[in-house]
Amino acid sequence: MKLQRLRAVSTLVLTVNDVARVLAIRPASAVVFCHRAVKTGELLRLQRNRYMLRERWEHLSREERWRVANLLQVPSYISLTTALAHHELTTQVQPAYVESIAVHRSQVIESGGTVFKYAKIAPALYFGFVRRDGVFIATPEKALADCAYLSALHRYHLDWSSLETSRVNVAAVRRVLRRYPRRTQQWWAQQWTT
């Protein structure tokens, strides 16, 4: 009965307060309900105070998983190899791995067989993304710039052999990189000429 009411909610990710509101119970009772529902496998705990119906999780599209990634750390946007694959700039496919850029902290969240990885960047570099179908995702040029930035800091490895270089708008990437530190621009120039 309680799960039926939760199934009727269109919200993708539920908090304890959401569960309390939908089920018309106190927040303390909602905590107990969520804990028990996770144990029985009816709910999936994504992170502290973030849950999803297990049946909904198992049928998520790629874009819905990306929307979950946006919700697990706010603000954030999909980038790096995940965005490059979406824009068809790499042959690397990461089906159960979602990479995002965030401004608060770097972290890895593993839940339901999917790894959500967040790389922290300086707030001044938090730009160059669009919202499509409810998902914040980097433009192709920004995804490459983020890869270059983190690679120059030795915090990321981009598989250059899988990059579809003929599809890269080099001039547009350079324009984006003007806002990045000189070290990043030099790293990009060195990689692109080799």
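The values are calculated or read from the model by the stated rules, or taken from the named source; none is laboratory data. As the structure is a prediction and not an experimental result, all values here were calculated from the model. When we count neighbours, we look across all protein chains shown, and the Cβ atoms used for this are built from the backbone with ideal geometry, even at glycine. The protein model used for the area step is the full one, side chains on, heavy atoms only, and it has no ligands, DNA or RNA in it. Shrake-Rupley method; radii C 1.70, N 1.55, O 1.52, S 1.80 Å.
Could you tell me whether any residue of segment 71-86 is closer than 22 Å to S162 by Cβ, part of a helix (DSSP H, G or I) and either free of Cβ contacts under 8 Å to residues at least 12 places away in the same chain or open to solvent by 20 Å² or more (accessible area, probe 1.4 Å) (or both)?
yes
So R175 ticks every box in (1) charged (D, E, K, R); (2) part of a helix (DSSP H, G or I); (3) buried (at least 18 other Cβ atoms within 10 Å of the Cβ) but one. Which box is left unticked?
Result: R175 fails condition (3) only.
Could you say whether any residue in segment 1-11 is open to solvent by 50 Å² or more (accessible area, probe 1.4 Å) and either under 24 Å from K120 (Cα atoms) or modelled with pLDDT of 95 or more (or both)?
Step one: filter segment 1-11 for residues open to solvent by 50 Å² or more (accessible area, probe 1.4 Å), giving 1-2, 4-5, 7-8, 10-11.
Cutting the leftovers down to either under 24 Å from K120 (Cα atoms) or modelled with pLDDT of 95 or more (or both) gives us none.
Within segment 1-11, none of the residues are open to solvent by 50 Å² or more (accessible area, probe 1.4 Å) and either under 24 Å from K120 (Cα atoms) or modelled with pLDDT of 95 or more (or both).
Given the conditions (1) out of contact with any Lys or Arg (no Cβ under 6 Å at 6 or more places or on another chain); (2) charged (D, E, K, R); (3) within 28 Å of L72 (Cβ to Cβ); (4) open to solvent by 30 Å² or more (accessible area, probe 1.4 Å), and given that R105 satisfies all but one, which numbered condition is not satisfied?
(1)
Tally time: how many residues in segment 47-62 are assigned to a strand (DSSP E or B) and either aromatic (F, W, Y) or within 16 Å of A30 (Cβ to Cβ) (or both)?
Filtering segment 47-62 down to residues assigned to a strand (DSSP E or B) leaves 47, 50-53.
Checking which are either aromatic (F, W, Y) or within 16 Å of A30 (Cβ to Cβ) (or both) leaves us with 50-53.
Adding up the residues that qualify gives 4.
Note down all Cβ pairs under 9 Å where the first residue falls in segment 99-127 and is basic (K, R), the second is part of a loop (DSSP other than H, G, I, E, B) and exposed (fewer than 12 other Cβ atoms within 10 Å of the Cβ), and they're at least six residues apart or on different chains.
K120/R105
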